[in-house]
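Coordinate-derived values only; no laboratory data. Quick caveat, the model's predicted, so the values are computed rather than measured. Cβ sites come from the backbone with ideal geometry, for glycine too, and all protein chains shown count toward neighbours.
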Amino acid sequence: MSGRLLTLVLLIGLLGSAFTLAPQIGALHLPGNQQGYEPVQPIAFSHRLHAGEMQVACLYCHSGAESSRHAGIPSAGVCMNCHQFVNAPLGALRAEEELAKKEGRKPRRIISPELQKLYDAMALGADLKSDPRKTPTPIAWTKVHNVPDFVYFDHRPHVATGVACQSCHGPVETMDRVAQVQPLTMGWCVNCHRQANLVGVAGKKVNASIDCSRCHY
């Protein structure tokens, strides 16, 4: 009887351990698979706001995807196309306007803390003009989506064919902080090419290569 009881206790313990460890085991990835990687960036840029609510096209900021292997990170100058005029969220601006009206004064310029980081990186003064007393510093963005060095990936044919950015990068327009959604493993890429050859891309027939030398040479 004691042997059966011991076996039952061990079985319950084993099942309990498996239930507890299941989420951690499910989160494990093979080496090089950074699925779920979501680094904190030096400026809290929200793709949800820009690409989602404001409907800014991906290629407006990542124009390199059409003409280069790499989509690239937009220069601070591209940001300034809008943010020389837009300095803070609309709610903060309206609140300042209402307060200024009550106090009988002109509204003060409101600058959000995150945009101030952009202006500081560009060595701009309070008037958003170059301040000779300041030194421009690059914004140290952290790259999210990476493939191994021995893999050749080119954005150009994918963009030209009409592959949606979300196919590889996930629903970026819903993300306040970008995370890697897809595994970007060789098997995942090969299966995507096979599926594209079967059903086409954006209504067009394609011939996506599954030859090893296409990505490894």
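Close amide H contacts of Val201 (hydrogens built in the peptide plane, cut-off under 5 Å, sequence separation of 5 or more or a different chain): Val206. Close lysine pairs were tallied over the chain: pairs 8 or more places apart or on different chains with Cα atoms under 24 Å apart number 4.
Grab the DSSP H runs of the chain that are 4 residues or longer, score each as -39,500 (n - 2.57), total them, divide by all residues and round the 222 nm result to the nearest 500 deg cm²/dmol. Don't jump to the answer; show the numbers that get you there.
Details: 10 runs with 94 residues, N = 217.
About -12500 deg cm²/dmol.
Since only Ala65, Ala95, Thr7 are under comparison, the one whose Cα sits farthest along the positive direction of the charge dipole of the chain, derived from C-beta charges on Lys, Arg, Asp and Glu, is Ala95.
For Met54, neighbours were defined as the other residues whose beta-carbon sits under 12 Å from its Cβ, and their charges (Lys and Arg +1, Asp and Glu -1) total -1.
Going through (1) 251; (2) 168; (3) 125, the figure that equals volume of the Cα convex hull per residue in Å³ as computed for the structure here is (1). Peptide packing for 96-108, 68-80 was compared via the average number of neighbouring C-beta atoms within 10 Å per residue; ordered from the highest value, the list is 68-80, 96-108.
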